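One structure is given here, and the rest of the page talks about it.
The values are calculated or read from the model by the stated rules, or taken from the named source; none is laboratory data. As the structure is a prediction and not an experimental result, all values here were calculated from the model. Heads up, the Cβs are rebuilt from the backbone with ideal geometry, glycines too, and the neighbour counts pull from every protein chain shown.
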Ligand SMILES: [Zn+2]
């Protein structure tokens with residue numbers, strides 16, 4: 001995965017050596033400087049890189065037009081083909097790289113350009129939607145099994161179209177979830193109400209697209225930057241990743257996870273609603289996905305408000321054996337757990353399509369809107 005970086009670094013070293021007679025600095029050239037490029041390229045202009053066959057933000061001309069046209073033909077570029085390598089082209093290159101298992105640096109170096117014309121090149125998936133409940137086992141999304149930006153679950157519905165005000169407040173009107181999961185949520189809330197725990201339920205999050213999660217992360221990055229003068233973007237991002245999942249790693253992408261809390265309560269844990277949820281959600285096909293004693297395995301700090309729909313049979317097994325989803329799926333894969341239907345051999349096939357290499361990620365905090 002890191003090969004393209006090495007190749008680019010090698011090319012750059014060669015390029016720098018070639019240019020050794022005239023120092024490559026900002027003063028020595030009139031070409032525009034890139035800003036947010038990796039340090040290894042800091043001393044080279046886009047034009048100098050382009051001369052080495054490496055296209056990056058700021059590059060222009062026929063090479064860029066050709067690159068853009070190919071990205072467009074493959075469904076990655078939605079903007080226009082204008083021969084200017086800007087933010088839109090960079091984004092398309094990153095999407096292409098992610099889908100094709102390359103380093104996602106947004107730079108069209110040798111490896112990326114070769115892959116664009118390779119026989120096994122993966123085009124963008126277009127409008128394709130995933131039936132997230134089709135498999136016999138629950139789909140896994142975590143820091144090691146990420147979805148890409150094209151991932152969209154089928155059967156998304158507005159939560160408020162199914163769950164009315166007598167059961168819960170839906171904090172954001174646009175919150176959606178996969179219909180079977182929202183129906184299960186409704187049944188669960190009806191049961192809670194019948195048990196005398198019917199007040200103050202609030203649904204604060206459901207499905208999130210890759211872009212939604214990216215926006216949440218960027219908002220956090222910007223908030224850190226505005227509160228801490230002098231912080232670099234990368235420092236702010238590192239800090240933000242301690243409380244917000246990297247896009248692709250959030251279970252909310254499945255449309256099967258919901259953040260449930262008690263309206264007006266500053267902390268959900270310890271409330272009547274939280275206690276009821278912890279005791280009974282399993283009976284309705286939900287799991288408390290991130291628990292204190294499983295933090296090392298799930299990679300996320302405990303979140304008593306985050307529930308994930310997996311179906312009653314799986315949920316009850318995990319509850320009875322005190323397993324988190326990772327442990328449960330591993331057990332099935334290893335053959336130490338047999339679920340009825342005997343689907344033991346296919347555990348590995350139930351992961352989301354095209355998992356990508358996780359980037360540096362840290363833990364989420366107790367901010368319900370971030371998880
Ligand atoms: Zn959540």
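Consider residue 287 carefully, then state whether it is in contact with a helix residue (DSSP H, G or I) (Cβ under 8 Å, 6 or more places away or on another chain) and not in a loop (DSSP other than H, G, I, E, B). Spell out the reasoning first.
Values: in contact with a helix residue (DSSP H, G or I) (Cβ under 8 Å, 6 or more places away or on another chain): yes; not in a loop (DSSP other than H, G, I, E, B): yes.
Yes: the conditions hold for residue 287.
Hand me the list of strands (runs of 3 or more DSSP E) wholly inside region 142-214 holding 1 or more residues that are under 28 Å from residue 299 (Cβ atoms), touching a helix residue (DSSP H, G or I) at 6+ places or on another chain (Cβ under 7 Å) and at pLDDT 95 or above.
Working: elements: 156-158, 176-178, 201-205.
Output list reads 176-178, 201-205.
Select from region 189-218 the residues that are without any contact (Cβ under 8 Å) to a residue 60 or more places away in the chain and at positive phi and list them in ascending order.
196
Do we have residue 314 as in the same structural domain as residue 195 (by TED's automatic domain parsing), surrounded by 14 or more Cβ atoms within 10 Å (Cβ to Cβ), within 16 Å of the ligand (Cβ to nearest atom) and modelled with pLDDT of 95 or more here? Reasoning before the result, please.
On the way: in the same structural domain as residue 195 (by TED's automatic domain parsing): yes; surrounded by 14 or more Cβ atoms within 10 Å (Cβ to Cβ): yes; within 16 Å of the ligand (Cβ to nearest atom): no; modelled with pLDDT of 95 or more: yes.
Answer is no for this residue.
Between a first residue in region 333-344 that is part of a loop (DSSP other than H, G, I, E, B) and a second residue that is modelled with pLDDT under 70, which pairs have beta carbons less than 7 Å apart while being 6 or more apart in sequence or on different chains?
Close Cβ pairs (under 7 Å, with a partner that is modelled with pLDDT under 70) amount to 335/344; 338/344.
Between 117, 76, which is modelled with pLDDT under 95 and touching a helix residue (DSSP H, G or I) at 6+ places or on another chain (Cβ under 8 Å)? Show your work before the answer.
Working: 117 fails: modelled with pLDDT under 95.
Matching residue, one of 117, 76: 76.
Give the residues of region 259-280 that are within 12 Å of the ligand (Cβ to nearest atom) and either assigned to a loop (DSSP other than H, G, I, E, B) or crowded, with 24+ Cβ neighbours inside 10 Å (or both), sorted by residue number. Even if it seems obvious, please write down each step before you answer.
Initially, region 259-280 is screened for residues within 12 Å of the ligand (Cβ to nearest atom), giving 259-261, 268.
Across region 259-280, the qualifying residues are 260, 261, 268.
Looking at 325, 329, which one is modelled with pLDDT of 95 or more, crowded, with 19+ Cβ neighbours inside 10 Å and out of contact with any strand residue (DSSP E or B) (no Cβ under 7 Å at 6 or more places or on another chain)?
On the way: 325 fails: out of contact with any strand residue (DSSP E or B) (no Cβ under 7 Å at 6 or more places or on another chain).
That would be 329, the only listed residue that is modelled with pLDDT of 95 or more, crowded, with 19+ Cβ neighbours inside 10 Å and out of contact with any strand residue (DSSP E or B) (no Cβ under 7 Å at 6 or more places or on another chain).
Within region 219-240, count every residue that is touching a residue at least 24 places away in the same chain (Cβ under 8 Å) and away from the ligand (no atom under 16 Å from the Cβ). Walk me through it before giving the result.
Initially, region 219-240 is screened for residues touching a residue at least 24 places away in the same chain (Cβ under 8 Å), giving 220, 233, 238.
Filter once more, keeping what is away from the ligand (no atom under 16 Å from the Cβ): 233, 238.
So the count comes out to 2.
Working only within region 293-321, note down all residues that are in contact with a strand residue (DSSP E or B) (Cβ under 7 Å, 6 or more places away or on another chain) and more than 26 Å from residue 266 (Cα to Cα).
Result: 310, 315, 318.
How do the pairs read when you match residues in region 241-266 that are outside the structural domain of residue 311 (by TED's automatic domain parsing) and farther than 25 Å from residue 197 by Cα with residues anywhere that are within 15 Å of the ligand (Cβ to nearest atom) and outside any loop (DSSP other than H, G, I, E, B), using Cβ under 7 Å and keeping only pairs 6 or more apart or on different chains?
none
Before we move on, is residue 289 away from the ligand (no atom under 15 Å from the Cβ) and either more than 13 Å from residue 185 (Cβ to Cβ) or surrounded by fewer than 22 Cβ atoms within 10 Å (Cβ to Cβ) (or both)?
Details: away from the ligand (no atom under 15 Å from the Cβ): no; either more than 13 Å from residue 185 (Cβ to Cβ) or surrounded by fewer than 22 Cβ atoms within 10 Å (Cβ to Cβ) (or both): yes.
Taking the combined requirement at face value, the residue does not satisfy it.
If you go through region 132-181 one residue at a time, how many are touching a strand residue (DSSP E or B) at 6+ places or on another chain (Cβ under 8 Å), more than 24 Å from residue 201 (Cβ to Cβ) and without any contact (Cβ under 8 Å) to a residue 40 or more places away in the chain?
Adding up the residues that qualify gives 1.
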